[in-house]
Amino acid sequence: MSKIRILVVEDELHLRDLVVKVLKNEDYHVESSKDAEDALQLLEDTSFDIVITDLRLPGISGIELLKKIKQVDKDIVVILMTAFATVETAIGAIRMGAFDYIRKPFDINELTAAVYKAKLLLEASSPSMIYSEDIPNILVSHSEPMKEVIGLIKKVAASMATVYINGETGVGKELVANAIHASSNRYDKPFIKVNCSAFPETLLESELFGYEKGAFTGAFARKLGRFELANTGTIFLDEIGDISPLIQLKLLRIIQQKEFERLGGTETIALDVRIITATNKDLEVMVKEGSFREDLYYRLNVIPLHMPSLRERQDDFETLVQTFLVHISNFYGTPIKSIQPKAMELLKSYNWPGNVRELENIIERLVVISEGQVIGITDLPDKITQSTTPVQPTILLDAKDSIEEHTIKNALNQTNGNITKAASLLGISRRSLHRKLNKYELNQE
């Protein structure tokens with residue numbers, strides 16, 4: 001999204017200037033108005049995302065302003081400020097469409113937290129990443145593995161079940177999580193993402209659960225954690241296999257009891273959050289090794305979803321290449337290039353250890369560096385042109401089939417013929433395994 005635009009409506013000059021200053025320091029675009037009449041005129045002339053208004057204003061009241069704002073644009077997020085808030089006032093305002101209210105005198109952190117939550121709501125309400133013009137659609141589904149993924153996304157989106165996404169680095173696990181949230185009945189609520197491997201244990205704990213003022217050295221003010229910010233929405237915990245035993249225990253409590261306390265706090269906070277996790281590690285192996293809690297694993301693994309590697313998506317490959325060519329060319333404002341058939345064959349035969357993310361990076365390099373409108377073999381990086389040995393297509397297919405059949409037999413032997421366990425060991429769905437068993441005429445009994 002572009003920079004959030006905020007209108008502050010407050011008749012008290014000192015407070016109005018203070019709110020404007022604080023929000024500008026948070027990198028928002030902020031304008032102000034002294035009363036509702038002036039605010040309505042600004043709303044006619046200018047587009048705003050958030051309106052922060054006092055409840056008691058000269059002339060038209062804050063409640064009346066709220067009603068008129070919703071008539072002008074129901075998507076504008078309204079936050080009320082009042083020194084006279086009661087439970088009845090708050091409930092009435094929320095029913096009329098207010099997003100939140102802040103009691104005066106308020107702490108600056110309360111203000112910025114309320115605005116941040118409103119920002120998350122606006123981001124979640126904008127078109128889903130997988131349909132956005134700013135993000136290339138990598139969830140194309142010509143291949144059977146991706147058709148299964150899309151089908152499962154549609155099935156699980158409407159539920160509250162915890163989803164565990166497994167797949168190699170760069171396959172697009174975050175986009176799957178985003179698609180689940182965007183297709184759910186929480187699509188207009190916050191979607192909070194946390195890369196668990198990006199924080200050391202102590203920082204991750206405070207990042208997830210927040211802290212109270214004075215909880216530790218340097219905690220000069222209360223901070224809301226990611227779980228609290230995600231309340232009523234969805235939280236996506238990426239690289240879940242990297243969290244410490246302490247964080248595992250706290251996460252288990254949240255899943256079981258749906259509540260937590262901020263660090264240094266005594267207030268128990270109730271949570272209504274859908275949890276989606278992802279990792280490129282094998283959590284089942286980690287459970288056996290004792291590095292991941294078994295009870296937490298089963299709580300997270302309610303709906304397992306395997307995101308296939310790019311090597312498993314040969315039927316999607318050319319569509320993905322074309323998608324990236326169009327997206328990247330539009331981003332740089334250059335004519336859309338094409339790729340020679342022989343160059344395309346070399347791209348398809350490369351192993352792609354970095355999966356879709358690596359493909360996108362390579363296509364961007366080709367768009368920027370290659371001369372002319374057609375990308376040829378000489379434009380390709382050495383790692384692609386030198387990693388393949390020319391072979392007859394039928395020989396390559398036969399070799400792949402032979403290796404795949406041998407691998408499936410080994411998996412069945414290791415699991416004593418248990419289809420579910422063999423599919424999990426191979427990293428594919430039961431349905432995919434059944435198709436391969438039929439293909440190779442392997443005994444399924």
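The values are calculated or read from the model by the stated rules, or taken from the named source; none is laboratory data. The model shown is predicted, which means the values in this text are computed figures rather than measured ones. Backbone-built Cβ (ideal geometry, glycine too); neighbour counts: all protein chains shown.
Residues in segment 9-36 that are closer than 21 Å to Ser61 by Cβ and under 31 Å from the mean Cα position of the chain (by Cα): Val19, Glu31. Taking the conditions exactly as written (of a type outside the set (Phe, Trp, Tyr) and touching a strand residue (DSSP E or B) at 6+ places or on another chain (Cβ under 9 Å)), does Gly151 satisfy them or not? In short, no. Within segment 127-142, the residues that satisfy the criterion of being modelled with pLDDT of 50 or more and under 19 Å from the mean Cα position of the chain (by Cα) are Pro136, Asn137, Ile138, Leu139, Val140. Hey, among the residues in segment 143-170 that are in contact with a Ser or Thr (Cβ under 6 Å, 6 or more places away or on another chain) and not in a helix (DSSP H, G or I), which one's modelled with the lowest pLDDT? Step by step, filter segment 143-170, then rank; the result is Glu168.
When Lys281 is tested against (1) more than 23 Å from the chain's Cα centre (by Cα); (2) at pLDDT 90 or above; (3) among the charged types (D, E, K, R), just one condition goes unmet, and that condition is (1). From the list Thr334, Thr378, Thr319, the one residue that fits, being part of a helix (DSSP H, G or I), β-branched (Val, Ile, Thr) and without any contact (Cβ under 8 Å) to a residue 60 or more places away in the chain, is Thr378.
Of all residues in segment 188-199, which are out of contact with any Gly (no Cβ under 9 Å at 6 or more places or on another chain) and not in a helix (DSSP H, G or I)?
Lys193, Val194, Asn195, Phe199, listed by residue number.
Reported count of residues in segment 343-378, each being closer than 20 Å to Gln314 by Cβ and at pLDDT below 90, is 0.
Looking at Phe324, Phe292, just one residue is outside any helix (DSSP H, G or I) and either surrounded by 15 or more Cβ atoms within 10 Å (Cβ to Cβ) or assigned by TED's automatic domain parsing to the domain that holds Val176 (or both), and that residue is Phe292.
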